[in-house]
Amino acid sequence: MTTTFTWAIANLERETADGFVYTAHYTVNATDGEAYSAGAYGSIGFERPEELIPFDDLTQDMVVSWVKEKLGEEQVEQVESALQSQIDEKRAPTKASGIPW
């Protein structure tokens, strides 16, 4: 089953004077198209760029791309791999609890 990963922005922290976004809070949701899902939440800080994009002009896709760029390809893959492992464990558990009677 193919897992779909959806990155989204939960909140942005910014300076009110000029709209500089210095922290993004993001979520990553993984679904396998069936009953299984997993999620992660994180925050990442940004350095002030030379040229600011007005806060009202920001889009979720734009900020998600900043988050992924700042994390780096390897870290993005690690987040998605960890979520995939959670879904795989739900689909075919390797541990259980209980008593035999």
Item to complete: Could you work out how far helix 60-71 tilts from the main Cα principal axis of the chain, as a 0 to 90 degree angle to the nearest 10?
Response: 80 degrees
Worksheet, complete the sentence: If one compares the long axis through the Cα atoms of helix 73-91 with the longest principal axis of the Cα atoms of the chain, the angle in degrees, nearest 10, works out at 30 degrees
Worksheet, complete the sentence: the chain: relative contact order from alpha carbon pairs under 8 Å, six or more residues apart, as a whole percent, is 26 percent
Worksheet item: What's the extension gain from residue 97 to residue 10 if we count 0.36 nm per residue and subtract their Cα-Cα distance?
Response: 27.8 nm
Discussion item. Using a Förster radius of 25 Å, what is the FRET efficiency between residue 53 and residue 81 based on their Cβ-Cβ separation? Nearest 0.05, please.
Written reply: 0.20
Worksheet, complete the sentence: Note, residue 36: beta-carbon cut-off 15 Å, +1 each Lys/Arg, -1 each Asp/Glu, net -3
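Using a 1.4 Å probe on the protein heavy atoms, what percent of the accessible area of the chain belongs to carbon and sulfur?
About 49 percent, which is the carbon plus sulfur part of the accessible surface.
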Item to complete: Please state the charge dipole magnitude for the chain, taken about the Cα centre, from unit charges on C-beta atoms (+1 on K and R, -1 on D and E), reported in debye and rounded to the nearest 20.
Response: 640 debye
Discussion item. I'm spelling it out carefully: the read-out is semi-axes √(5λ) of the Cα gyration tensor in Å, the candidates are (1) 19, 15, 12; (2) 27, 13, 10; (3) 36, 13, 12, and one was derived from this structure. Which label?
Written reply: (3)
Discussion item. Across segment 21-71, what fraction of all alpha-carbon pairs, as a whole percent, falls in each successive 5 Å bin from zero upward?
Written reply: 4, 15, 26, 22, 12, 10, 6, 4, 1, 0
Item to complete: Considering the options 20, 100, 41, tell which one lies farthest towards the positive end of the dipole of the chain, charges being +1 on Lys and Arg and -1 on Asp and Glu at the Cβ, about the Cα centre.
Response: 100
Worksheet, complete the sentence: Two pseudo-spin positions, 7 Å from Cα along C-beta at residue 90 and at residue 37, lie apart in nanometres by 0.8 nm
Discussion item. I'd like to check one number: the per residue accessible area of segment 34-101, probe 1.4 Å, reported in Å² as a whole number.
Written reply: 77 Å²
Worksheet item: Given H placed 1.01 Å from N in the peptide plane, which residues other than close sequence neighbours of residue 20 have an amide H under 5 Å from its amide H?
Response: 15
Worksheet item: Once you list every other residue whose beta carbon is under 14 Å from the beta carbon of residue 25, what net charge do they have if Lys and Arg are +1 and Asp and Glu are -1?
Response: +1
Worksheet, complete the sentence: If the label point sits 7 Å along Cα→Cβ of residue 44, residues of segment 54-78 with amide N under 14 Å come out as 61-78
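The values are calculated or read from the model by the stated rules, or taken from the named source; none is laboratory data. Note that the structure is predicted; figures quoted are calculated from it, not measured. All Cβ positions, glycine included, derive from the backbone under ideal geometry; neighbour counts span all protein chains shown. Areas reflect the complete protein model, heavy atoms only, side chains present, ligands, DNA and RNA absent. Shrake-Rupley method; radii C 1.70, N 1.55, O 1.52, S 1.80 Å.
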